[in-house]
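So the structure is just underneath, and the comments pick up after that.
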Amino acid sequence: MTIIKTVFAGLVGAVGLGAAALAQDFPAKPVTIIVPFSAGGGTDITTRILAGPMAEALGAEVVVKNTDGAGGTIGAAETARAKADGYTIGMIPVGPMTTQPHLRQLPYEPASFDYICQAYSAPSALVVRQDSPFETLGDMLAYAKENPGELNYGVQAVGSIPHVAGLGLASASGAEFTFIPYKGSAPTFKAMLDGSIDMFVAHISFLTQNSDQVRSLAMLTSERVLTAEDLPTATDQGIPMNFPIWGGLVAPKGIPAEAKAALERACEVGMNSEAFTARMGELRMPVAFMGGDAFEAFVQSEFDKNDKLLTEAGIKQ
Amino acid sequence: MDFFSLGLEHVLTMPALISIVIGTILGVAVGVLPGLGSVIGITMILPFTFSMEQIPALALMLGVYCGSVYGGSISAIVINTPGTPQAAATALDGFPMAQRGEADLAIGWATMASTIGGLFSVGVLIIAAPQLAAFSLNFTAIEYFALGVFALICIANVSRGAMSKGLLAGGIGLFLATVGVDHVTGDMRFTFGSFEMTAGISLIPAIVGLFALSEVFIRASESTQVKTVIAHKVGFRLPPFSEWRPRLWLLLKSCMIGSFIGALPGTGAATSSFIAYSEAKRSAPNRDKLGTGEPDGIIASESANNAVTGSAMVPTLALGIPGDPVTAVMLGSFIVHGLAPGPRLFTEHLDLVYAVFLILIAVNLVMFVVGALGAQLFTRALRIPEPLLMTMVVVIAIVGAYGVRGNPLDLVTAFIAGVGGFILRKAGFPLAPLVIGMVLSQMIENSLRQGLLLTRGSFLAFFERPITLSLFILTAMMLIWPVIRWLRSRKKEA
């Protein structure tokens with residue numbers, strides 16, 4: 001029925017009631033969510049799980065489109081450049097939103113978007129192999145200070161949050177690591193298992209799925225994670241750190257207020273749906289809805305924090 | 001045995017069996033269409049798998065995966081355009097066979113080799129998954145570098161007769177893949193200030209342009225009057241066993257190469273089929289005829305690329321590390337279904353592991369049937385009037401080029417690659433080395449630089465590692481081999 005309705009509404013719109021009529025009745029056609037990474041990755045899967053219940057709440061189809069490339073910036077730029085009618089939005093994660101703009105000239109910045117909602121925020125963890133000699137963050141840091149640069153710290157991409165977190169850890173503790181960039185999370189994980197690297201930062205669902213091969217030295221959060229109360233945080237161990245891996249829905253700047261409100265509501269309903277919460281629970285991911293305005297302020301604060309860290313590390317261009 | 005019967009129970013349900021058949025048909029179809037490859041096929045069905053039960057979802061994905069790796073060979077044979085990068089080596093001998101009017105036989109060889117390669121790798125997966133996974137952990141960035149250098153020799157081997165042009169084409173390929181993000185420093189290279197170029201030159205649009213569009217341009221540039229009409233046999237013809245017998249060792253060796261490469265995360269079917277082809281060029285019974293429409297070439301390429309499918313599941317299932325982009329998507333779907341791959345899978349969910357084995361076996365058998373029936377249809381494409389066929393190729397190529405990442409720049413890439421491919425072919429440059437260069441470029445460069453970071457800048461430390469050293473020695477031997485053979489033959493004559 002929904003499809004028929006959508007098609008019908010689309011036709012009515014097309015024959016001549018024009019843009020005004022469309023804006024009054026959002027959504028009148030399918031909504032496309034751009035995912036700036038390839039299918040099957042964490043961002044993609046979360047988006048696809050959310051797309052179902054969101055479509056139900058919106059009463060329109062939701063299509064997920066993967067635009068992969070250059071660390072997510074191609075898809076983020078496509079979102080920023082899309083027609084500002086609310087029918088094309090993007091699930092843009094922390095990297096392309098708050099670290100990549102500091103690394104090079106991009107055709108967008110946080111001010112290029114309207115903010116709909118934060119859709120996920122996964123606590124990150126500093127992980128080591130199951131058989132690593134280090135039991136606590138303190139053990140590892142003491143060793144790293146005695147042997148500067150000897151420990152290898154793998155990063156999934158230069159300037160990514162796991163990299164920024166490592167820079168933050170080095171600057172907060174005075175320890176020195178050798179950073180080794182791999183291309184994505186699978187090769188980084190492989191490098192850990194083959195003994196090339198001693199540690200890397202991953203998000204909690206990775207830790208949950210691979211708990212027989214890796215363990216967490218410290219959750220990089222300011223408070224204990226609700227879904228993983230047993231795991232000590234870096235803050236507990238004397239190094240205050242908070243590096244969530246988050247993402248949210250944004251639209252090109254200037255979408256109609258009605259469309260923004262409808263999307264924000266659908267996002268909230270979708271995130272509270274049984275389908276979404278159950279899936280997140282399995283991965284020990286906290287469900288972290290945040291409305292558009294709060295999300296916008298949060299993005300700006302993260303943007304400034306990462307700016308500072310990347311500048312200190314001399315990575316910012 | 002208990003787990004085995006449990007696994008069998010999982011697979012012998014209507015939804016699972018239907019998924020196997022549909023998945024395989026769909027896989028062959030996306031494989032045949034240039035541009036639409038394994039990754040797109042898997043991505044297309046991904047949303048459906050979310051709402052399916054675990055086993056049918058797995059069956060659907062494995063069907064698409066194996067089917068697509070095989071399907072690429074059909075377009076390579078019929079229209080000289082590898083449907084997927086994995087089948088680029090198949091075109092080298094498949095198309096010349098089709099030009100002789102033996103497309104039916106070429107597809108027969110390819111189908112048989114693919115099925116055997118696929119089944120062989122399932123055997124490898126069943127017998128040695130945990131051991132092979134453990135072995136793959138001996139491969140750090142340093143070993144990958146050595147393997148990449150070894151694989152580069154293929155360029156020399158597939159361009160015999162036009163060596164300098166082949167090396168040049170290989171160099172162009174290596175260079176093209178450096179456009180975009182430098183993964184070690186995060187800097188941009190050769191983007192000329194264009195933001196779109198930061199995404200780099202994607203392999204699939206480049207292949208679509210190089211092969212499909214350039215083929216169209218070539219045919220358009222040839223006079224239609226002088227062409228002799230070839231009587232194309234339609235359908236599917238299996239070569240008799242007497243033809244197979246002298247080639248069994250080649251088949252086995254190619255299967256082993258494919259299975260070994262597949263088990264290493266991060267290397268894929270394209271690399272393995274080129275290495276196998278290259279090895280065939282060195283040692284196959286009819287090596288001197290390779291490149292002129294010799295079944296040995298089809299066997300080597302197709303058995304090796306399908307032998308990747310089963311063994312790529314080794315690191316995926318046993319370690320939770322995807323072997324290639326396709327298994328990466330599959331891994332994502334496993335996780336959605338609450339299945340956590342890794343060593344625990346083999347202790348806690350052995351029934352599911354057996355189900356995967358059985359599905360893979362079934363898929364490879366279905367693939368054979370789909371190939372045999374589908375060949376009736378595909379070979380008829382050769383009888384479509386050329387202007388119509390070429391128009392269809394252009395449309396499919398454009399859709400495929402855009403479909404990969406939805407980046408409009410990819411269309412420009414495909415067109416430029418088409419013109420470039422046309423010029424290169426007219427000037428007598430082989431195209432396969434260019435593809436090899438593009439496939440290997442990032443692996444070689446990134447692993448070299450990661451390796452140097454690991455050894456703190458010492459290249460000498462590379463030689464202290466046994467696997468790396470052996471690969472370097474093997475590379476040197478492969479390079480000297482032609483010289484030795486030449487010297488020997490001179491001695492005989494003298």
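The values are calculated or read from the model by the stated rules, or taken from the named source; none is laboratory data. Quick caveat: nothing in here was measured; it's all calculated off a predicted structure. Note that we place each Cβ from the backbone using ideal geometry, even for glycine, and neighbour counts take in every protein chain shown.
Structure notes:
- Screening A:248, A:270 for residues that are at pLDDT 90 or above, of a type outside the set (Ser, Thr, Tyr), in the same structural domain as residue A:58 (by TED's automatic domain parsing) and part of a helix (DSSP H, G or I) leaves exactly one candidate, A:270.
- Scanning segment A:145-174 for residues that are in a helix (DSSP H, G or I) and aliphatic (A, V, I, L, M), we see that the one that is farthest from the other protein chains (Cβ to nearest Cβ) is A:172.
- The numbered conditions (1) within 14 Å of chain B (Cβ to nearest Cβ); (2) modelled with pLDDT of 95 or more are all true for residue A:183 except (2).
- Tally of residues being at positive phi and within 12 Å of chain B (Cβ to nearest Cβ) across segment A:36-61: 1
- Residue tally, condition small (Gly, Ala, Ser) and outside any helix (DSSP H, G or I), over segment B:404-455: 3
- Residue A:263 being away from chain B (no Cβ under 14 Å), farther than 28 Å from residue A:207 by Cα, touching a strand residue (DSSP E or B) at 6+ places or on another chain (Cβ under 8 Å) and surrounded by 14 or more Cβ atoms within 10 Å (Cβ to Cβ): yes
- Qualifying residue in segment B:126-139 (condition: away from every other protein chain (no Cβ under 14 Å) and either among the aromatic types (Phe, Trp, Tyr) or more than 30 Å from residue B:343 (Cβ to Cβ) (or both)): no
- With respect to (1) within 14 Å of chain B (Cβ to nearest Cβ); (2) in contact with a helix residue (DSSP H, G or I) (Cβ under 7 Å, 6 or more places away or on another chain), the lone exception for residue A:194 is condition (2).
- The number of residues in segment B:140-193 being under 23 Å from the mean Cα position of the chain (by Cα), touching a residue at least 60 places away in the same chain (Cβ under 8 Å) and closer than 26 Å to residue A:68 by Cβ comes to 13.
- Qualifying residues in segment B:327-380 (those that are within 14 Å of chain A (Cβ to nearest Cβ) and among the aromatic types (Phe, Trp, Tyr)) - the one nearest to residue B:51 (Cα to Cα): B:334
- When residues of segment B:183-200 are limited to those that are among the hydroxyl-bearing types (Ser, Thr, Tyr) and more than 7 Å from every other protein chain (Cβ to nearest Cβ), the one surrounded by the fewest Cβ atoms within 10 Å (Cβ to Cβ): B:194
- Residue-level analysis places residue A:90 outside the set of residues that are within 22 Å of residue A:206 (Cβ to Cβ), under 15 Å from the mean Cα position of the chain (by Cα) and not basic (Lys, Arg).
- Here A:177, A:200 are screened, and the one residue that is within 13 Å of chain B (Cβ to nearest Cβ) and in contact with a strand residue (DSSP E or B) (Cβ under 9 Å, 6 or more places away or on another chain) is A:177.
- Here residue B:254 meets each of (1) farther than 24 Å from residue A:194 by Cα; (2) at pLDDT below 95 with one exception, condition (2).
- Among the helices (runs of 4 or more DSSP H) confined to segment B:1-98, the ones with at least 3 residues that are more than 16 Å from residue B:400 (Cβ to Cβ), in contact (Cβ under 8 Å) with a residue 60 or more places away in the chain and away from chain A (no Cβ under 14 Å) are located at B:2-11, B:14-32, B:54-79.
- Residues of segment A:64-119 satisfying the condition of being closer than 27 Å to residue B:43 by Cα, assigned to a helix (DSSP H, G or I) and within 10 Å of another protein chain (Cβ to nearest Cβ): A:70, A:71, A:73, A:74, A:75, A:77, A:78, A:100
- No other residue among A:214, A:164, A:155 is touching a Lys or Arg at 6+ places or on another chain (Cβ under 7 Å), among the β-branched types (Val, Ile, Thr) and crowded, with 23+ Cβ neighbours inside 10 Å apart from A:214.
- Test: residue in segment B:457-466 that is within 14 Å of chain A (Cβ to nearest Cβ), under 30 Å from residue B:90 (Cβ atoms) and buried (at least 17 other Cβ atoms within 10 Å of the Cβ): no
- Top-ranked residue in segment B:302-326 [being more than 11 Å from chain A (Cβ to nearest Cβ) and β-branched (Val, Ile, Thr); ranked as surrounded by the fewest Cβ atoms within 10 Å (Cβ to Cβ)]: B:314
- Identity of the residue in segment A:284-317, within 30 Å of residue B:338 (Cα to Cα) and of a type outside the set (A, V, I, L, M, F, W, C), that ends up nearest to the chain's Cα centre (by Cα): A:286
- Criterion: free of Cβ contacts under 8 Å to residues at least 60 places away in the same chain and either out of contact with any Pro (no Cβ under 8 Å at 6 or more places or on another chain) or assigned by TED's automatic domain parsing to the domain that holds residue A:211 (or both) - qualifying residue of A:291, A:238, A:314, A:254: A:314
- Residue match in segment B:143-160 (condition: farther than 30 Å from residue A:191 by Cα and either within 14 Å of chain A (Cβ to nearest Cβ) or of a type in the set (A, V, I, L, M) (or both)): yes
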